[in-house]
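**Q** Following this message is one structure expressed as structure tokens.
The values are calculated or read from the model by the stated rules, or taken from the named source; none is laboratory data. Nothing here was measured: the structure is a model prediction, and the numbers come from that model. For neighbour counting, all protein chains shown are included, and Cβ atoms are generated from backbone atoms with ideal geometry for every residue, glycine included.
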Amino acid sequence: MELNKTPEENEIELKNKKIIIELNKKIGVESIPFRPNSTKFIIPKATKFNENLVQLDNQACAYKKLIFSSLHAACYQVFSTDMFANYMKISCASAIPSFINFLNNIVISEIKPATILKDYETYRVINHGVKTQSSNLYSIIKLIEISLSVKPFVDSIKVEKYRYLHTLTNTKVAPPDEKKQYTLERWFSFHSWLRRDDIGVGNEMFNRIASPKALITSLRITTEISLYQIQEAKYALIDFIKENGIAPYDLSPPRLQPSKKDFSTEVFKVKRAEWYSYIYNLIWKRFISFQKKYFTTQSPNSSLTLAFEIILHSWCQKLGAASSVDDFKNNTELTRRFNDAERFRVTGSCLFSHEMVYALAVYAHSDRVGVVPVSDAEHMFFQWMMAIQTVQGTDIAKLRLSNFRFIKRRNGQVTHIECEYFKGRSDNYHHLKSIKANSYMGKSLLSFFNDRTKGEVYDDNLLTIKSKTITTTSKGDFAQFIRLASTSSLRSCIETSLKKYNATPVVLDALHAIIEKGVNRNAFIYGKKDITMPNESYWLMNCDTPARKFLFGLSTIKTSSVHARSDGFTPTQLTNYNSHTNETERNSYLTKSNPEWLNNCGRVTRAVMQDLQINVYSPSKSEIQSFNSEFIRVGEIIEMRKSEVLSRLKIVTGKEGGTVDSLGFLPKTYQVQGDFNDQMYLVDSPETVMRFHHYIHEVETKHKQLSEQANEYLLFSVLPTVEWMAILLAERKFSEKSLKNGKDLYIKYAEILPSHFSAQLGS
């Protein structure tokens with residue numbers, strides 16, 4: 001009711017509304033009749049799929065018209081009745097548009113019209129790069145079957161056409177492709193152009209992608225430092241707002257952008273221009289106000305500085321963010337020399353959006369009562385950390401504070417965080433490794449829990465939101481964070497922690513290159529009207545920097561985290577910290593999808609293990625199982641060590657000077673300026689090659705004795721070493737001169753070279 005109306009007018013309005021409601025109850029709702037000859041129809045909204053209009057372009061082909069009408073009938077039946085479950089509506093929304101697009105762009109053979117569905121399956125697999133089980137062929141067949149039960153449709157077609165459609169329903173779907181685990185290594189390695197120095201991260205950095213341990217370590221440190229620093233910046237901003245008396249009203253969210261559907265075309269253009277003028281001016285004024293108050297603050301700390309860097313990256317476009325940060329830090333008024341559309345960002349942000357800053361202002365002036373506002377980026381980092389801890393991706397959004405336990409000292413200080421949650425897929429409880437509370441991960445988790453639960457000791461509300469699909473486009477929300485982490489003071493914090501753990505910024509640098517230089521398939525083929533049906537092959541062949549449109553998901557992180565921990569897994573250990581059973585570990589993770597296990601047995605290891613199996617172990621079932629378990633464990637250790645060494649190894653000439661160890665490595669203190677923190681330097685010399693040949697020969701001749709007297713040393717130290725040595729020699733990583741002269745030296749001095757493993761063999 002409107003306040004300026006009289007009581008009599010309000011009463012009349014209420015009576016009219018009641019009359020309309022009663023009238024609507026008496027009027028029966030009639031469904032729209034099915035029209036068999038229609039050449040277009042609308043697929044209603046279904047879950048995440050928006051409403052979609054599909055249309056048949058070529059109406060001259062009788063086969064196309066029949067199939068189109070069949071799918072129209074099926075869609076009509078699925079959406080206008082209650083006979084089908086929701087998944088059938090999703091099938092309509094996902095399968096029909098792609099099939100109609102295919103139908104509009106092909107010629108159906110008069111000789112073999114019944115192969116149309118198999119042709120579609122082939123098209124989807126080859127052109128879109130999907131697996132056979134994801135081609136949507138099964139859904140199309142099912143929809144055609146449904147159409148044959150729709151009476152208005154069946155009555156409108158002849159018997160021959162009915163038989164043709166029935167024949168199509170007998171099309172056999174190809175056997176499903178082998179399911180492959182999708183890992184971080186696989187996601188990053190798709191972007192092979194990252195190896196280039198001019199547009200990528202360079203060959204040295206790209207090599208780190210081959211190691212799950214290197215990737216997970218880099219991702220873990222980047223994630224926990226980012227979450228911790230963003231939280232500290234948030235708390236500093238809350239204090240700043242309170243101390244400077246900035247009212248929530250001053251930071252209220254901007255009014256909504258006008259919608260095109262609410263106005264005529266001409267009026268909408270005027271309204272939109274007015275809104276842009278309003279929003280640009282609003283953002284600029286808020287920047288100026290923040291800047292003045294910031295420089296009146298006595299000794300602003302680094303967290304507050306980062307807070308305003310985050311705001312500037314959240315409210316500015318790519319081109320405007322860098323200059324705005326410089327102007328802000330130099331206490332120079334943010335000039336509007338850029339076109340406003342190029343400087344300011346009017347859409348949302350995963351960091352400190354207008355809505356987020358307003359919520360912080362409300363919290364600051366409420367005496368800090370209630371939950372602390374949490375940004376989408378904080379939720380994302382929490383979810384990533386849980387995936388790194390090997391929580392199943394689909395279970396992360398179900399976590400509650402009650403799933404976590406806090407180990408405390410007598411004074412109440414938390415020392416460790418433990419987690420136990422119910423894993424839906426295995427129908428069992430899973431225990432995670434404990435986290436030190438004084439680590440960055442521990443600190444950020446405690447802050448996240450406190451923000452989300454009002455500091456309660458026990459809270460049964462969900463901790464985080466449902467994970468969102470993240471795009472890698474340069475204008476997306478995630479791009480804001482990547483630019484912030486790559487160019488702001490946050491970068492130095494991340495690099496300091498990476499250096500502490502001898503890790504590299506491979507994840508951050510690779511993501512930054514993908515966001516700035518990568519071109520996804522949709523963006524590449526957009527507007528290419530000269531190509532009838534642009535496909536994945538066309539994109540990969542003609543695009544210099546093809547990139548995945550969507551970022552890796554939580555399950556991908558979790559799988560790589562399991563692979564990175566493979567060196568620590570043994571089927572006989574007391575507690576398995578992976579989110580699955582030991583049997584699942586062997587059957588699903590110790591597979592060829594796992595680079596920590598793949599190619600785990602080189603020539604020497606195969607010979608050693610085969611000899612052990614034949615000559616040491618008796619063929620009883622229990623001992624064979626024990627041997628296989630040990631063999632798996634050895635394989636994990638070998639591949640882990642080999643990957644780590646090869647990804648970090650750099651062969652140098654030795655001219656730099658310095659002593660070398662017994663294998664030819666320079667001391668750990670040796671460092672070339674500009675190289676990564678985890679670099680290992682091996683001297684390229686004949687002496688090094690000679691040492692390698694001698695070590696490998698010693699293992700080949702003494703492995704039986706070692707297995708009897710120092711089995712652990714053989715399996716977990718000697719074999720990993722001999723494997724990466726063999727790789728370097730086989731791939732001729734040394735210079736030709738060193739390889740030739742080293743081999744000659746070995747032949748010449750083999751009999752007098754010092755024996756290895758004397759301490760282990762007691763000789």
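**Q** Considering only segment 686-713, how many residues are under 16 Å from residue 755 (Cβ atoms), touching a Lys or Arg at 6+ places or on another chain (Cβ under 9 Å) and either aliphatic (A, V, I, L, M) or not in a helix (DSSP H, G or I) (or both)?
**A** Residues meeting the conditions: 1.
**Q** Looking at segment 272-287, is at least one residue closer than 19 Å to residue 488 by Cα and either in contact (Cβ under 8 Å) with a residue 24 or more places away in the chain or assigned to a loop (DSSP other than H, G, I, E, B) (or both)?
**A** The initial filter retains those residues of segment 272-287 that are closer than 19 Å to residue 488 by Cα, namely 287.
Add one more test, that the residue is either in contact (Cβ under 8 Å) with a residue 24 or more places away in the chain or assigned to a loop (DSSP other than H, G, I, E, B) (or both), and what stays is 287.
The answer is yes; a qualifying residue exists.
**Q** Among the candidates 446, 484, 511, single out the residue that is closer than 18 Å to residue 373 by Cβ and either surrounded by 21 or more Cβ atoms within 10 Å (Cβ to Cβ) or not small (Gly, Ala, Ser) (or both).
**A** Values: 484 fails: closer than 18 Å to residue 373 by Cβ; 511 fails: closer than 18 Å to residue 373 by Cβ.
Going through 446, 484, 511 in turn, just one is closer than 18 Å to residue 373 by Cβ and either surrounded by 21 or more Cβ atoms within 10 Å (Cβ to Cβ) or not small (Gly, Ala, Ser) (or both): 446.
**Q** Is it the case that segment 737-756 has a residue that's part of a helix (DSSP H, G or I), surrounded by 15 or more Cβ atoms within 10 Å (Cβ to Cβ) and under 37 Å from the mean Cα position of the chain (by Cα)?
**A** Going residue by residue through segment 737-756, those that are part of a helix (DSSP H, G or I) are 737-749.
Still in the running and surrounded by 15 or more Cβ atoms within 10 Å (Cβ to Cβ): 738-739, 741-743, 745-746.
After this cut, where a residue has to be under 37 Å from the mean Cα position of the chain (by Cα) as well, the list is none.
No, the conditions are met nowhere in segment 737-756.
**Q** Tally up the residues in segment 244-265 that are farther than 18 Å from residue 283 by Cα and either in contact with a Pro (Cβ under 8 Å, 6 or more places away or on another chain) or touching a residue at least 24 places away in the same chain (Cβ under 8 Å) (or both), please.
**A** Matching residues across segment 244-265 total 1.
**Q** Residue 109 passes all but one of (1) surrounded by fewer than 15 Cβ atoms within 10 Å (Cβ to Cβ); (2) without any contact (Cβ under 8 Å) to a residue 24 or more places away in the chain; (3) assigned to a helix (DSSP H, G or I); which number fails?
**A** The single condition residue 109 does not satisfy is (3).
**Q** Related question: Of the residues 400, 409, which is under 26 Å from residue 470 (Cβ atoms), among the charged types (D, E, K, R) and more than 18 Å from the chain's Cα centre (by Cα)?
**A** Values: 409 fails: under 26 Å from residue 470 (Cβ atoms).
When all the criteria are applied, what remains is 400.
**Q** Next question, about the same structure. Working only within segment 386-422, note down all residues that are touching a helix residue (DSSP H, G or I) at 6+ places or on another chain (Cβ under 6 Å) and either over 26 Å from residue 481 (Cβ atoms) or in a helix (DSSP H, G or I) (or both).
**A** Matches in segment 386-422: 386, 387, 388, 393, 396, 401, 421.
**Q** So residue 380 passes all but one of these: (1) surrounded by 17 or more Cβ atoms within 10 Å (Cβ to Cβ); (2) modelled with pLDDT of 90 or more; (3) assigned by TED's automatic domain parsing to the domain that holds residue 252. Which condition number does it fail?
**A** Unmet for residue 380, out of (1) surrounded by 17 or more Cβ atoms within 10 Å (Cβ to Cβ); (2) modelled with pLDDT of 90 or more; (3) assigned by TED's automatic domain parsing to the domain that holds residue 252: (3).
**Q** Consider residue 121 against the criteria (1) within 16 Å of residue 164 (Cβ to Cβ); (2) among the acidic types (Asp, Glu); (3) in a helix (DSSP H, G or I): it satisfies all of them except one. Which criterion is unmet?
**A** Single failed check for residue 121: (1).
**Q** Is it the case that residue 346 is under 22 Å from residue 466 (Cα atoms) and at pLDDT below 90?
**A** On the way: under 22 Å from residue 466 (Cα atoms): no; at pLDDT below 90: yes.
The answer is no for residue 346.
**Q** Quick one: count up the residues across segment 201-226 that are in a helix (DSSP H, G or I) and in contact with a Leu (Cβ under 6 Å, 6 or more places away or on another chain). Give the derivation first.
**A** Going through segment 201-226, the residues in a helix (DSSP H, G or I) turn out to be 203-210, 212-226.
Of the ones still in play, those that are also in contact with a Leu (Cβ under 6 Å, 6 or more places away or on another chain) are 206, 215, 221-222.
Residues that pass the stated criteria total 4.
**Q** Can residue 370 be described as in contact (Cβ under 8 Å) with a residue 12 or more places away in the chain and either assigned to a loop (DSSP other than H, G, I, E, B) or of a type in the set (Val, Ile, Thr) (or both)? Reasoning before the result, please.
**A** On the way: in contact (Cβ under 8 Å) with a residue 12 or more places away in the chain: yes; either assigned to a loop (DSSP other than H, G, I, E, B) or of a type in the set (Val, Ile, Thr) (or both): yes.
So residue 370 fits the description; yes.
**Q** Additional query: Of the residues that sit in segment 506-553 and are small (Gly, Ala, Ser), assigned to a loop (DSSP other than H, G, I, E, B) and more than 15 Å from residue 483 (Cβ to Cβ), which one is modelled with the lowest pLDDT? Write out each step before concluding.
**A** Of the residues in segment 506-553, the ones small (Gly, Ala, Ser) are 510, 513, 518, 523, 527, 537, 547, 553.
Add one more test, that the residue is assigned to a loop (DSSP other than H, G, I, E, B), and what stays is 518, 527, 547, 553.
The next check asks that each one be more than 15 Å from residue 483 (Cβ to Cβ); those that pass are 527, 547, 553.
Working: 527: 60, 547: 93, 553: 93.
Only one residue fits best here, namely 527.
**Q** Check segment 140-154 and report whether any residue there is in contact (Cβ under 8 Å) with a residue 60 or more places away in the chain and hydroxyl-bearing (Ser, Thr, Tyr).
**A** For segment 140-154, residues in contact (Cβ under 8 Å) with a residue 60 or more places away in the chain and hydroxyl-bearing (Ser, Thr, Tyr): present.
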